Protein chains: 2
Amino acid sequence: MADILHRIGATATAETVYDALTTQKGLAAWWTTDTTGDGVVGDTIRFRFGDTGGFDMAVLDQRPNEWVHWKVTDGPAEWIGTRVSFRLTRQDDYTIVLFKHEGWREPVEFMYHCSTKWAAFLLSLKQFVETGTGAPHPQDVRISNWH
Amino acid sequence: MADILHRIGATATAETVYDALTTQKGLAAWWTTDTTGDGVVGDTIRFRFGDTGGFDMAVLDQRPNEWVHWKVTDGPAEWIGTRVSFRLTRQDDYTIVLFKHEGWREPVEFMYHCSTKWAAFLLSLKQFVETGTGAPHPQDVRISNWH
């Protein structure tokens, strides 16, 4: 098993960051504009990225301003069954996001790509909660031939 | 053991990317302007980041336009003994960089930070080889309270 880990800090309240992770409007502002569903435990959120497909995430658990846990129920074969989590803490004047995408069976090249792409999207999340404007798909940063 | 993985693709030749990984001038243009030493096998390259310290990397092995392997010989305790590698391939019109920072003993919070920071620096590498201008320290992207 292999995990993708990231850490960002945003000069925004934990409430603001939590909202960006648990509402359709928030998620659409930093990950993909084509997001369907809110972050309610037991529901599934659909994220789509045009021709490249997308992911369905079941919301496993969450606690306001503290954490969000998702499980991937549809998408690329490598993603199905993996879990994504965001843990929020306060340090100095920052809300810190500890991100984990865990349970990859093998460290395939696609995992290398997803790791960098997650970093770009988490910086989009930071930008969104700090300024009101993120860089969600289709305005996301191109990192390679795989986009 | 835990690893940091990343993948970027740059519209530049493998020679250009390899030079950016194996010359003082290249490394200083995307990672830190305070870089001492070229990338010659057996040598140690010193990377410094102002008050936050830095890293010494022993060049273990490299093959022109294909790969670079370093070992961390000085720096934060969590980094010492870990290994950093860059593997280059060509796909479509891109030079792909598969990056690995392997051998972390524990997935500590600092590892989460370093993973995201590596992504930002690899995007600086991409920008440098494509445009001639990167974002090395001290012009690097701030990602959190840890910078």
Sorted by chain and then number, the residues having a modelled amide H within less than 5 Å of the amide H of B:A12, at least 5 places away or on another chain, are B:T95
Amide H neighbours of B:W146 at under 5 Å, excluding residues fewer than 5 places away on the same chain, with H built from the backbone geometry, are none
Axis carrying B to A; for chain B the Cβ-nearest residue and its rounded Å distance come to B:A119, 2
For the stretch A:1-49 the residues that are at least 30 Å² less accessible with all protein chains than alone, 1.4 Å probe, are A:L5, A:H6, A:R7
Any residue on another chain or 5+ positions along whose placed amide H is under 5 Å from the amide H of B:G39 is listed here as B:T23, B:Q24
For B:M111 the rounded accessible area (nearest 10 Å², probe 1.4 Å, non-protein molecules ignored) is 0 Å²
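Give me the percent relative contact order of chain B, please, defined on Cα pairs under 8 angstrom at least 6 residues apart.
Once normalised by length, the contact order is 30 percent.
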Sorted shortest first, the nm distances from the A:G37 label point (7 Å along Cα→Cβ) to its counterparts in the other copies are 5.0
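Rolling a 1.4 Å sphere over the protein heavy atoms, what is the accessible area per residue of the protein assembly as shown, to the nearest Å²? It would help to have the intermediate numbers written out before the result.
On the way: 12460 Å² over 294 residues.
Accessible area per residue: 42 Å².
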With the label set 7 Å along Cα→Cβ, B:G132 is separated from its counterparts in the other copies, in nm and shortest first, by 3.8
Scalar couplings 3J(HN,Hα) for the stretch A:71-83 by Karplus 6.51 cos²θ - 1.76 cosθ + 1.60 (θ = phi - 60°), nearest whole Hz, x for Gly and Pro, are 10, 7, 10, 8, x, x, 3, 5, 8, 5, x, 6, 10
HN-Hα couplings for the stretch A:103-114 via Karplus (6.51, -1.76, 1.60; θ = phi - 60°), in whole Hz with x for Gly/Pro, come out as x, 4, 6, 9, x, 6, 4, 5, 5, 4, 4, 5
Note on the stretch A:106-143: residues buried by at least 50 Å² of accessible area once partner chains are added (vs chain on its own, 1.4 Å probe) come out as A:E109, A:Y112, A:T116, A:L123, A:I143
For B:R90 the rounded accessible area (nearest 10 Å², probe 1.4 Å, non-protein molecules ignored) is 130 Å²
Residue by residue through the stretch A:120-133, the couplings from Karplus 6.51 cos²θ - 1.76 cosθ + 1.60 with θ = phi - 60°, in Hz, x for Gly and Pro, are 4, 6, 5, 5, 5, 4, 4, 4, 5, 6, 8, 10, x, 10
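Given the pairs A:K117/B:K71; A:K71/B:K100; B:K25/B:K126; A:K117/B:K126; A:K100/B:K100; A:K100/B:K71, which are separated by over 21 angstrom at their Cα positions?
A:K117/B:K71; A:K71/B:K100; A:K100/B:K71
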Interface buried area A-B, accessible surface with 1.4 Å probe, both sides summed, nearest 100 Å², comes to 2600 Å²
Summing -39500 (n - 2.57) over every DSSP H run of at least 4 residues in the protein assembly as shown and dividing by its residue count gives a helix-only mean residue ellipticity at 222 nm, to the nearest 500 deg cm²/dmol, of -8500 deg cm²/dmol
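The values are calculated or read from the model by the stated rules, or taken from the named source; none is laboratory data. What you see is a predicted model, and the numbers here were worked out from it, not measured in a lab. Every residue, glycine as well, gets a Cβ built from its backbone with ideal geometry; the counts of neighbours run over all protein chains shown. Remember, those area values only see protein heavy atoms, side chains included, never the ligands or the DNA or RNA. Shrake-Rupley method; radii C 1.70, N 1.55, O 1.52, S 1.80 Å.
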